[in-house]
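Written out below as structure tokens is the structure these notes cover.
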Amino acid sequence: MKKKVFSGAQPSGMLTIGNYIGAIKNFVALQDDYDCTYCIVNQHAITVPQDPKELKERTRGLAALYIACGVDPEKSTIFVQSEVPAHAQAAWIVQCNTYIGELERMTQFKDKSTKQDAVSAGLLTYPPLMVADIILYDADLVPVGEDQKQHLELTRDFVQRFNNRYEGDLIMPEPLIPEAGGRIMSLQDPTSKMSKSDQNKKGFISMLDDPSIIRKKIKSAKTDSSGVIEYDKENKPGISNLLTIFANFSGKSIQELEAEFADSGYGHFKEKLADAVVSVLEPIQERYYKLMESGELDAILDEGAQRANAYANSTLNRIETAIGLQR
């Protein structure tokens, strides 16, 4: 039997090629070897104010992008969190078995609460919802980046506490560290991570950027004055970042690219890099827009919600039985 993988992503804006390299490519690769469940966690998004129309559109858009990138509904379950009520129901049980001190220590709560005038209770208590997301699908493995390790530890603490306290049978999830795709940095400031919230739009490439925009952004990417194409993260962060992007979009190693462009200047290198990025993104964009404009996307999400509800309700029943909530 295949091990189960669960991952959730917030619909908080269009993803960049950094998100594609760091996460989505791995999600696509995982579905051949694991039983994968991918959730658009729109309930997590409302811990901060959202425009309802934008949230609805971004939720569908993120699901469409996952599918366009290669997440296969025949191999994986993909669904929207709010369409499976068991998430919110299980989250209450998790809250009642989680301590205030544990939630107040969450780094993301401390960071975000200092930037808001009025802090919602949900910003403090959304980690239990994240725990519920994971345990409902008996996840053996959860892909995590640096910013999510704390939440997985909270999940593991809850599972141990629940199983000991109620003689439960919840699965203890393990972190799944993604294969190294390279940390993708800003095109304009290669010492900072590429971010969709960057004020400088030239710093990131969106998954839906027009090919002409992609070429302009790559052409204007910061490099250095040496003109030598070599990977040296410390002394040449700009060209090193572009080499990492090129390797991920071409399937070639950085060493192969260094050899291929040993006698080229930055201009020619950037031109070929843009060709590689556009050749991958164009068919993804074409598939994305077809999904958004047809009924296929909703049919996929309806079926995903049906499968997710069946599994999550079964787990919720086990949890409620263990703690005495079932008559």
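Tally time: how many residues in region 65-102 are among the charged types (D, E, K, R) and farther than 20 Å from Asp138 by Cβ? The qualifying residues number 3. Residues that are at pLDDT 95 or above and open to solvent by less than 20 Å² (accessible area, probe 1.4 Å) within region 169-184 comprise Leu170, Pro173, listed in sequence order. Of all residues in region 61-94, count the ones that are in a helix (DSSP H, G or I) and surrounded by fewer than 16 Cβ atoms within 10 Å (Cβ to Cβ). Qualifying residue count for the region: 2.
Considering region 100-141, the residues that are in contact with a strand residue (DSSP E or B) (Cβ under 6 Å, 6 or more places away or on another chain) and hydrophobic (A, V, I, L, M, F, W, C) include one that is nearest to Ala45 (Cα to Cα), namely Ile134. For region 266-281, filtering for residues that are surrounded by 13 or more Cβ atoms within 10 Å (Cβ to Cβ) and either out of contact with any Phe, Trp or Tyr (no Cβ under 7 Å at 6 or more places or on another chain) or in contact (Cβ under 8 Å) with a residue 40 or more places away in the chain (or both) leaves 11. The number of residues in region 8-59 being within 13 Å of the chain's Cα centre (by Cα) and in a strand (DSSP E or B) comes to 7.
Residues are listed down the side, and each one gets a yes or a no for (1) assigned by the TED database to the domain that holds Phe27; (2) out of contact with any strand residue (DSSP E or B) (no Cβ under 7 Å at 6 or more places or on another chain); (3) farther than 20 Å from Arg58 by Cβ:
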residue	(1), (2), (3)
Tyr166	yes, yes, yes
Ile177	yes, yes, yes
Lys193	no, no, yes
Ser197	no, yes, no
Lys201	no, yes, no
Ile205	no, no, no
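The residues of region 216-253 that are more than 25 Å from the chain's Cα centre (by Cα), closer than 21 Å to Leu281 by Cβ and not in a loop (DSSP other than H, G, I, E, B), listed by number, are Lys216, Lys219.
The values are calculated or read from the model by the stated rules, or taken from the named source; none is laboratory data. Being a predicted model, the structure only gives us computed values, none of them experimental. Note that each Cβ is placed from the backbone with ideal geometry, even for glycine, and that neighbours are counted across all protein chains shown. In case anyone asks, the SASA skips ligands and DNA or RNA and just uses the protein heavy atoms, side chains included. Shrake-Rupley method; radii C 1.70, N 1.55, O 1.52, S 1.80 Å.
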